[in-house]
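Colleague: My questions will all concern the structure given below.
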Amino acid sequence: MTPTQAAEPSPTPRFSIIVPAYGVEAYLRDCLDSVLSQSFRDFEIIAVNDASPDACGEIMAEYADTDPRVVAVQLEQNVGLGRARNAGMERARGEYLLFLDSDDTMLPGSLLAVSRRLEETGDPELLVFDYARTYWDGRVSPNAKRSVLTASPREAVGLDGNPELLELLQVAWNKAYRRDFVERWGFEYPTGYYEDTPWTYPVLVAAETIAVLDRICVHYRQRRQGSILSSASRKHFEVFDQYDLVFAFLAEHPEFERWRPALFERMTFHLGVIERMPGRLPAGARAEFRARRLEAERAHRPAGYREPENSGAKEAARRRRPADRLPRRLRPAARRAYRAARKLKKPVRHAVLMTYYRAQRMLPVQKDTAVFAAYWNADYACNPAAIHQKLRELAPKVKSTWVLKPGARNAPPPGTAVVHPGSFQFWRAMARSKYFVNNVNFPTLVVKRPGQVFVQTHHGTPLKRMGVDLVDFPLGQKDLEMDTLMQRVDRWDYSVSSNRFTTAVWDRAYPSTYTSLDYGYPRNDVLVNARDEDRAQARAELGIAPDAKVVLYAPTHRDYMAVPRPLLDVEHFAQQLGEGFTVLVRAHYFNLGSGPGSAEGSTVVDVSAHPSVEQLYLAADCLLTDYSSLMFDYALLDRPIVLFANDWETYRATRGTYFDIHAQSPGHVAATETDLVDVFLSGRWCDDTSAKARTEFRRRLGEFDDGRAAERVVRRVFLDDEVDPPAVISPERPSRPARG
């Protein structure tokens, strides 16, 4: 959360900003931060948790505890967006009401611009401002009807003076509403889909003074998946009830009857869009919807109403659109033909391999076969290796194949087939196997066949930005093409997660329709289940004395460095610590070969080539890292963690992060080498403050890791068994204290 020096809100703030939330843990912090960081500060946020099943309620409570301008309203039952907004309005004290959906954000300076515009126009009952749509791949598109705002009168007028406002998108969050106006009319949101419709139109009709601000104040997030209105459901039929409410309002207020023709036209247009929109109505429901549409048009048609003169032309144009789009539909085929022509220039081997792969895909998928890979085929390791080992135990009949490059540090157990990436054996395995397990992605050329099952295990809890969240960080994104990434993500059936925070991040970073397996990380089972004898064995294999103080230094990769260079002089650091310490150094797998080496007589040992990072964890008394996901795994051992963050601002600006490690740290954070040495020599590295920070860190980010993650994945995916949810392990786990 962005730190603020917020003063107590005034008894009657200028704005009450109502933020209802349900199932948007991954976006809620961005939303709240976008408001709290505004230069205009006279506001309150009323955050309404609509009984969300994720951590929305906890996030709201956290913000309310740290900023008095945030009021957290926790609803005991899910009531839907409309009634959640009503609950927020009941608590509002501001002169004006604003609504902000919890996956959207407010642009910097927006509240100041809104306040100034209200003052300029004499505090009108309503102010309408602009917005832009933002997409998962980084695109930003302006409001298609922005010309309505640019052409609006500069003074505040009623709808008679600016009737084109009815053409704007029917949403609550592009307006500021004077609270006494809303209360005088008794406006409330109804339940159900399209709840903005019977709110927006009556508000526009009833307001005597409406001002316009031609400025983009809100970024309207277009999620790749998860939008209610873009999902197929019979709930779309609720739009008819919402328009009944609109016309009931006109019947109750005959002074507004002159607006019936315009609202009737908006209704017919809206219903037509829903009827024609692919993916909204369930299969077989379109004819029923059309009948309901015609019934609604008969019921609400104004007396003596005549179709506009150009309506026939519009309908004819609409009917011609499929033919008009025909050339565009041919473009993908043309692009494929062009790509096929280009392939003729590639080596004959590639063409032969692809022909072989296509032929293999014509054969049946083989049951009880699985392909595993990890770290771009570089090693037998991580979550895929842990799942494979448990699979051999629980389902030995499944024949496994591992994809490995030559020279891997680890080899799979005997009896496991090994294929090289890109070989004939590789393409046969990809064509015929039923199960696929990887902690990254398989090549884009892999075609997922019906009956094949993909399990994405990932390889860490994300501190740094991932997936589509990299669109604003070109150094981190590099040559990653988002369309290609999404093609790969759409193949996933399952995504493994170690905590709710990670589940929420994967949901926004890799938007698709996979099922999240909230089971813990299989690679961490060995840590949760470790005993003292495991620690002793790990040390013995490394040749480390039982009473040595061992620091494992494992930095992460820096995207902003063209050539890796050390950010810590490890030899000097070890000399400063003295003979009582041994420093193990493990380079990031992207930077293998850049380790310090191991000089004779030095207390620094290069373990970059060691086959098991988990064994290094067990041997160490303390993890020294920076922004690596190793910290989340190591915390499960309840041993000290120290972070060396001497380039935090550069890293955060170039790669992006999901939280601030200074605010949510597993231990002490040092910004300079001098401070880092002092953390160890003073004993702070293993003090009570460090232990408390680690406990809270583990509570939030290790909640699913109870030592049975691999078993759950195998039983759910390969054996189709029901599995017990992860046991809630107390963060006060039996500690194996380091010796200070």
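The values are calculated or read from the model by the stated rules, or taken from the named source; none is laboratory data. Please read all numbers here as calculations on a predicted model, not as lab measurements. With ideal geometry, Cβ positions are generated from the backbone for all residues, glycine too; neighbour counts draw on all protein chains shown.
Colleague: Can you name the residue in the range 441-477 that is among the polar types (S, T, N, Q) and surrounded by 21 or more Cβ atoms within 10 Å (Cβ to Cβ) and is also nearest to TYR658 (Cα to Cα) among such residues?
Modeller: Only one residue fits best here, namely THR461.
Matching residues to (1) surrounded by fewer than 21 Cβ atoms within 10 Å (Cβ to Cβ); (2) modelled with pLDDT of 95 or more:
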{"site": "ARG179", "(1), (2)": "yes, yes"}
{"site": "GLY186", "(1), (2)": "yes, yes"}
{"site": "GLY192", "(1), (2)": "yes, no"}
{"site": "LEU204", "(1), (2)": "no, yes"}
{"site": "GLY226", "(1), (2)": "yes, no"}
{"site": "GLU238", "(1), (2)": "yes, no"}
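This table checks each residue for (1) among the acidic types (Asp, Glu); (2) assigned by TED's automatic domain parsing to the domain that holds ASP479; (3) at pLDDT below 95.
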site: PHE644; (1), (2), (3): no, no, no
site: TYR651; (1), (2), (3): no, no, yes
site: ALA663; (1), (2), (3): no, no, yes
site: PRO666; (1), (2), (3): no, no, no
site: VAL669; (1), (2), (3): no, no, no
site: ASP678; (1), (2), (3): yes, no, no
site: ARG699; (1), (2), (3): no, no, yes
site: ARG716; (1), (2), (3): no, no, no
site: LEU719; (1), (2), (3): no, no, no
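Colleague: Any residue at all in the range 102-123 that's exposed (fewer than 14 other Cβ atoms within 10 Å of the Cβ) and of a type in the set (S, T, N, Q)?
Modeller: no
Colleague: Report whether or not GLY158 is surrounded by 15 or more Cβ atoms within 10 Å (Cβ to Cβ), over 17 Å from LEU98 (Cβ atoms) and touching a Gly at 6+ places or on another chain (Cβ under 8 Å).
Modeller: no
Colleague: Looking at the range 164-192, which of its residues are under 28 Å from ILE216 (Cβ atoms) and hydrophobic (A, V, I, L, M, F, W, C)?
Modeller: Scanning the range 164-192 gives LEU165, LEU166, LEU168, LEU169, VAL171, ALA172, TRP173, ALA176, PHE181, VAL182, PHE187.
Colleague: Count, please, the residues in the range 160-209 that happen to be of a type in the set (D, E, K, R) and in a strand (DSSP E or B).
Modeller: The total comes to 2.
Colleague: Which one is surrounded by the most Cβ atoms within 10 Å (Cβ to Cβ), of the residues in the range 364-410 that are over 21 Å from SER497 (Cα atoms), out of contact with any Lys or Arg (no Cβ under 7 Å at 6 or more places or on another chain) and among the β-branched types (Val, Ile, Thr)?
Modeller: Filtering the range 364-410 for residues that are over 21 Å from SER497 (Cα atoms), out of contact with any Lys or Arg (no Cβ under 7 Å at 6 or more places or on another chain) and among the β-branched types (Val, Ile, Thr), the one surrounded by the most Cβ atoms within 10 Å (Cβ to Cβ) comes out as VAL403.
Colleague: If I ask for residues that are of a type in the set (Asp, Glu), touching a residue at least 60 places away in the same chain (Cβ under 8 Å) and not in a helix (DSSP H, G or I), which ones from the range 43-88 would you list?
Modeller: Those that are of a type in the set (Asp, Glu), touching a residue at least 60 places away in the same chain (Cβ under 8 Å) and not in a helix (DSSP H, G or I): ASP54, ASP67.
Colleague: Let me ask something additional. Name the single residue, out of those in the range 685-699 being buried (at least 19 other Cβ atoms within 10 Å of the Cβ) and not aromatic (Phe, Trp, Tyr), that is farthest from the chain's Cα centre (by Cα).
Modeller: The residue in question is CYS686.
Colleague: For the subset of the range 560-590 comprising residues that are part of a helix (DSSP H, G or I) and in contact with a Pro (Cβ under 7 Å, 6 or more places away or on another chain), which member is farthest from ASP675 (Cα to Cα)?
Modeller: Once the filter is applied, the top-ranked residue is GLU571.
Colleague: Got at least one residue in the range 520-534 being closer than 20 Å to GLN389 by Cβ, in a loop (DSSP other than H, G, I, E, B) and within 27 Å of the chain's Cα centre (by Cα)?
Modeller: Yes, the range 520-534 contains at least one residue that is closer than 20 Å to GLN389 by Cβ, in a loop (DSSP other than H, G, I, E, B) and within 27 Å of the chain's Cα centre (by Cα).
Colleague: Quick check on LEU636: is it within 26 Å of SER612 (Cβ to Cβ), at pLDDT below 95 and surrounded by 20 or more Cβ atoms within 10 Å (Cβ to Cβ)?
Modeller: It is false that LEU636 is within 26 Å of SER612 (Cβ to Cβ), at pLDDT below 95 and surrounded by 20 or more Cβ atoms within 10 Å (Cβ to Cβ).
Colleague: Just one of ALA151, ALA144, ALA113, ALA156 is at pLDDT 95 or above and over 9 Å from ALA211 (Cα atoms); which is it?
Modeller: Residue meeting the stated conditions: ALA113.
Colleague: Name, by its number, the condition in (1) more than 14 Å from LYS175 (Cβ to Cβ); (2) surrounded by fewer than 21 Cβ atoms within 10 Å (Cβ to Cβ) that does not hold for VAL70.
Modeller: Failed condition: (2).
Colleague: While we're looking at this one, here's another question. Which one of LEU527, LEU480 is surrounded by fewer than 19 Cβ atoms within 10 Å (Cβ to Cβ) and hydrophobic (A, V, I, L, M, F, W, C)?
Modeller: LEU480
Colleague: Looking at the range 250-259, which of its residues are part of a helix (DSSP H, G or I) and surrounded by fewer than 20 Cβ atoms within 10 Å (Cβ to Cβ)?
Modeller: The answer is ALA251, GLU252, PRO254, GLU255, PHE256, GLU257, ARG258.
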